[in-house]
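The values are calculated or read from the model by the stated rules, or taken from the named source; none is laboratory data. From a predicted model like this one, the values you see are computed outputs, not experimental measurements. Note: ideal-geometry Cβ built from the backbone for every residue, glycine included; neighbour counts use all protein chains shown. Just the protein is used for accessible areas: all its heavy atoms, side chains included, with ligands, DNA and RNA removed. Shrake-Rupley method; radii C 1.70, N 1.55, O 1.52, S 1.80 Å.
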Amino acid sequence: MLSPERLSLPGPEYLAQRHVLTYMEDAVSQLLENREDISQYGIARFFTEYFNSVRQGTHILFREFSFVQATPHNRVSFLRTFWRCFRTVGKNGDLLTAQEYHCLLQLLCPDFPMELTQKAARIVLMDDAMDCLMSFSDFLFAFQIQFYYSEFLESVAAIYQDLLAGKNPNTVIVPTSSSGQHRQRQPPNDCSPLDGVEASLFYQCLESLCDRSKYSCPPSALVKEMLSSAQRLTFYGFLMALAKDQGINRALGALPDKGDLFLDPAMDQELEKLVARVSGLSVSGPTSSSGDTLPVRNSPRINSPWKPLHHRRKMDAESEGSNEETDSSEN
């Protein structure tokens, strides 16, 4: 059913708001890049599976960072995928460093920039030593704010610095460069004699920023409610408050509430099926470690079939040959 919003907007404006052209360009680019492989499946099936993967949020798997952060939907999909893939880290109570969390991020996006990981860690650690250990939930909610609202936070940092310096905050410039190019953010001087800035004035500047920014911003009403009880605040105090606010988390829609962070019935059901399958194989096979019997190729299917068709070609070639042939092909 067509939504009222879709019917009320002019066609070009709706396409731009939903980033439809971004996905069409990416689909055509992949079609041309992998046309020999796609020819055996058909173009119609390719577009069907491509846009199904976009709808399901699996289209960002193993893609370059420029694509992962290209649209709000891509960012939400990446956040949700990261949570679902690595929630067992938190479930087991493991504590990791920023570098270790970055390694996990690179398993999903090989060129994910370390700078963003460090900025997220700095929200948790309040600019303390970056090699300190962090819980999964603390890092995840801080990473969500830093990754999804990265351009907004760059402008907020500039506003905060101007307020500390006594400058007119209305002269703050909203970043207009490509969101894929993140500038180095100088940590605001939280050692000000005034211990931060006045919360009410800070909110007025944020409200004005949200009104004119073309990038994603947290809902103004929720930010106002969050700051209503504060007289003064520091920059990192504001970031931590954003990360902990469950109203903003729900509005963003990528992650569950903190109390449900380690619950994922759909993924648990898939894992139970996989365990049952492995157990069935173990009954008829030799009693060796689970790593020897784990059917890697039959693990829960990720519907991101078209990027990396060259990866699929490698996997198919490896499955058809012997281990020796695989080793030689990799070399």
Item to check | Whether the range 121-164 is rounded, prolate or oblate, judged on the alpha carbon gyration tensor where a/c under 1.5 counts as rounded | outcome: oblate
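Could you give the C-alpha radius of gyration of the range 77-137 expressed as a fraction of 2.2 N^0.38 Å, taking N as the number of residues it contains? Could you put the intermediate results ahead of the total?
Values: Rg = 11.2 Å, N = 61, 2.2 N^0.38 = 10.5 Å.
The range 77-137 yields a ratio of 1.06.
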Next on the checklist: Need one number: nm distance between label points at residue 95 and residue 47, each 7 Å from Cα along Cα→Cβ, rounded to one decimal.
Outcome noted: 5.4 nm
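Could you tell me the calculated FRET efficiency between residue 31 and residue 270, based on Cβ-Cβ distance and R0 = 35 angstrom, to the nearest 0.05? Intermediate results must be reported in sequence, preceding the final value.
Details: r = 30 Å, r/R0 = 0.84.
Result of the calculation: an efficiency of 0.75.
So for the range 1-160, what percent of the C-alpha to C-alpha distances run longer than 25 Å? If you can, show how the numbers build up before the last one.
Values: 5479 of 12720 pairs.
Roughly 43 percent, rounded to a whole number.
Label the range 1-75 by shape, choosing from rounded, prolate and oblate, from the square roots a ≥ b ≥ c of the eigenvalues of the Cα gyration tensor; if a/c is under 1.5 it is rounded, and otherwise prolate applies when a/b is larger than b/c, oblate when it is not. Intermediate values should be presented prior to the final figure.
Details: a/c = 2.14, a/b = 1.54, b/c = 1.39.
Prolate, because a/c is 1.5 or more and a/b exceeds b/c.
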Item to check | Stretch gain in nm, segment residue 168-residue 24, where the contour uses 0.36 nm per residue and the Cα spacing is subtracted | outcome: 47.6 nm
Item to check | Charge dipole magnitude, Cβ of K and R +1, D and E -1 - the range 67-135, Cα centre, debye nearest 20 | outcome: 440 debye
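Could you list, in their original order, any pairs among 119/214; 167/224; 224/258; 91/214; 91/273 whose Cα atoms are separated by more than 26 Å? Numbers along the way, then the final one.
Numbers: 119/214 22 Å; 167/224 22 Å; 224/258 22 Å; 91/214 37 Å; 91/273 20 Å.
Correct reply: 91/214.
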Item to check | Rounded accessible area of residue 211 (nearest 10 Å², 1.4 Å probe) | outcome: 120 Å²
Checklist entry - In the range 1-158, with Lys and Arg counted as +1 and Asp and Glu as -1 at Cβ, which of these residues, 46, 148, 121, has the Cα nearest the positive end of the dipole, that is, farthest along it? => result 46
Next on the checklist: Which order do the peptides 77-84, 63-70 come out in when sorted by mean C-beta neighbours inside 10 angstrom, highest first?
Outcome noted: 77-84, 63-70
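Quick one: which of 227-240, 17-30 comes out on top by average Cβ neighbours within 10 Å, and what's the full order, highest first? Write out the running numbers ahead of the final one.
Numbers: 227-240: 17.4, 17-30: 14.8.
The peptides rank, most packed first, as 227-240, 17-30.
From the C-alpha coordinates alone, can you work out the Kirkwood hydrodynamic radius of the range 49-94, in Å? Can you show the working numbers first?
Numbers: mean 1/r = 0.0889 Å⁻¹.
With all distinct Cα pairs of the range 49-94 included, I get 11.3 Å.
In debye, nearest 20, what is the charge dipole magnitude of the range 1-124 about its Cα centre with +1 on Lys and Arg Cβ and -1 on Asp and Glu Cβ, if you could check? Show your work: numbers first, answer last.
Numbers: 13 positive and 13 negative charges, 113 e Å.
For the range 1-124, the charge dipole is close to 540 debye.
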Item to check | 8, 216, 200, ranked by accessible area, largest first (probe 1.4 Å) | outcome: 8, 200, 216
Next on the checklist: Can you list residues from other chains, or at least 5 along the same chain, whose modelled amide H is less than 5 Å from the amide H of residue 232?
Outcome noted: 199
Checklist outcome for this item: For the residue 114, residue 84 Cβ pair and Förster radius 22 Å, calculated FRET efficiency rounded to 0.05 is 0.45
Checklist entry - In what sequence, highest mean first, do 255-266, 99-110 appear when ranked by Cβ atoms within 10 angstrom? => result 99-110, 255-266
